[in-house]
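The structure appears below as structure tokens.
None of the figures in this text is laboratory data; all of them are computed from the coordinates on show. Note that the structure is a prediction, hence the values are computed from the model and not measured. Cβ sites come from the backbone with ideal geometry, for glycine too, and all protein chains shown count toward neighbours.
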Amino acid sequence: MAIFSIHYDGSITTEHKVSVRVMARTYEHMQRAIDRAYLINKYGNVWKHARLKAEDYEFVNFTAEYPKEGGIILDAIQAGHQAASELIDRIGNAILSPFEQALNGEVEEATQIANEIAERRQYVAGMQNNTMPFSQMLAEPPANWADRYSNRSILKEIDQLTYPLASKRLEGSTVEIALQGQRTHPVFLFDAQQARNFHGLVSRRELGPALIVNARIRDLDRGNDFAFPKAKIENLDSGREVTLHLSGQADVEELHPHHMLQHVRIYACPFIEGGGFDLRGGDLYFVGVAT
């Protein structure tokens, strides 16, 4: 039998009850984490925008139990398929390392993308056509990118449960996540500081190496006062449409003359999230047009 149990305590509860918003968020994001775990087990990893097929749902459906008091405890079980225990174990294994890092305060400083992009532009100015092609990176990917990206797809759902505790409005609140699959996992206890540390690890963004990407620009968005410009491109090396992030209007002007072309070579970096990247469908960050 596979079980997950979420125990809220403190000001997030009122008379041993939680709001509909908290309850709905709990079940929604735990279900999404289970879905991600299923896709990882089925395919070996998970890719951006991956979705379940109709025949997959019976393996990931958990039944919500009645809430318990003692703070407020929300349980769910799956007794129909032995594989469900493996999904819970997958979630527990994904949480363990960043949870321990967060507990020990091992949170890296936020990467300054502006500094990194300046370094990448300096690099390609010197390397030019000797810059590694995206196709080579696709054929010889870094060993840990796929696993870390897959784990992050689970962790970002757990982060949606825990990070709200960092709010001053919920000061003193805690959440415990207890998982029982083929084995019983340690209880993961989050308070405000632990939630902040965990969020910092899960949401950390950085740039990978500069690569030459063969692309076709599908859409070019100049952005506004609230959003940076970006483009939708077809990555001709991977055959997938991906988002290309731009630093500002100067990038838009550099790309614009190539907007209607069937092929443009650009320098771009993988936009790494939580230490992982989906090479086929992950976002890229624009460095420049390759001449």
Query - Computed [θ] at 222 nm, helices only, for the chain once each DSSP H run of length n ≥ 4 contributes -39500 (n - 2.57) - result: -11500 deg cm²/dmol
**Report entry** Span from the segment 1-28 Cα centroid across to the segment 35-64 one, whole angstrom
**Finding:** 23
Query raised in the report: So what is the relative contact order for the chain, in percent, with contacts set as C-alpha pairs under 8 Å and at least six apart?
Result: 22
Report summary line: Of Val124, Val20, Val107, the most mobile residue in a GNM of the chain (C-alpha springs, cutoff 10 Å) is Val20
Requested in this report: Note down the magnitude of the dipole of segment 56-208 about its Cα centre, charges +1 on Lys and Arg C-beta and -1 on Asp and Glu C-beta and zero elsewhere, to the nearest 20 debye.
Outcome: 420
Query raised in the report: Hey, what angle do you get for helix 83-103 against the long axis of the chain, alpha-carbon based, 0 to 90 degrees rounded to 10?
Result: 70
**Report entry** Hydrodynamic radius by Kirkwood, which averages 1/r over all alpha carbon pairs of segment 101-219, in angstrom
**Finding:** 17.6
Query - Residues in segment 224-253 that a label on Ala114 would reach, taking backbone N under 20 Å of a point 7 Å out along Cα→Cβ - result: 224-230, 245-253
Requested in this report: Could you please report the charge total around Thr174, scoring K, R as +1 and D, E as -1 over all other residues with beta-carbon less than 13 angstrom from its beta-carbon?
Outcome: -4
Requested in this report: Choose one answer from His258, His245, His185: the residue with the largest mean-square fluctuation in a GNM of the chain with alpha-carbon springs under 10 Å.
Outcome: His258
Query raised in the report: Can you give the angle from 0 to 90° between the axis of helix 145-162 and the longest principal axis of the chain, with both taken from C-alpha atoms, to the nearest 10?
Result: 50
Report summary line: Kirkwood Rh for segment 188-243 from C-alpha pairs, in Å, is 14.6
Requested in this report: Take Val213, Val252 and order them by how many other Cβ atoms sit within 10 Å, fewest up front.
Outcome: Val252, Val213
Query raised in the report: Taking amide hydrogens as modeled 1.01 Å from N in the peptide plane, which residues meet the under 5 Å criterion relative to Glu65, leaving out close sequence neighbours?
Result: Asp75, Ala76, Ile77
Requested in this report: Considering only Met132, Met23, Met260, give the residue with the highest GNM mean-square fluctuation for the chain, with springs between Cα atoms whenever their separation is below 10 Å.
Outcome: Met260
**Report entry** Distance between modelled label sites at Glu65 and Gln136, nm, 7 Å Cα→Cβ extension
**Finding:** 5.5
Query raised in the report: Taking a threshold of 25 Å on the Cα-Cα distance, which of the pairs Lys168/Lys230; Lys48/Lys230; Lys42/Lys230; Lys53/Lys230; Lys42/Lys68; Lys42/Lys156 fall above it?
Result: Lys168/Lys230; Lys42/Lys230; Lys53/Lys230; Lys42/Lys68
Query raised in the report: Over the Cα atoms of the chain, what Rg and Dmax result, in angstrom?
Result: 21.5, 66
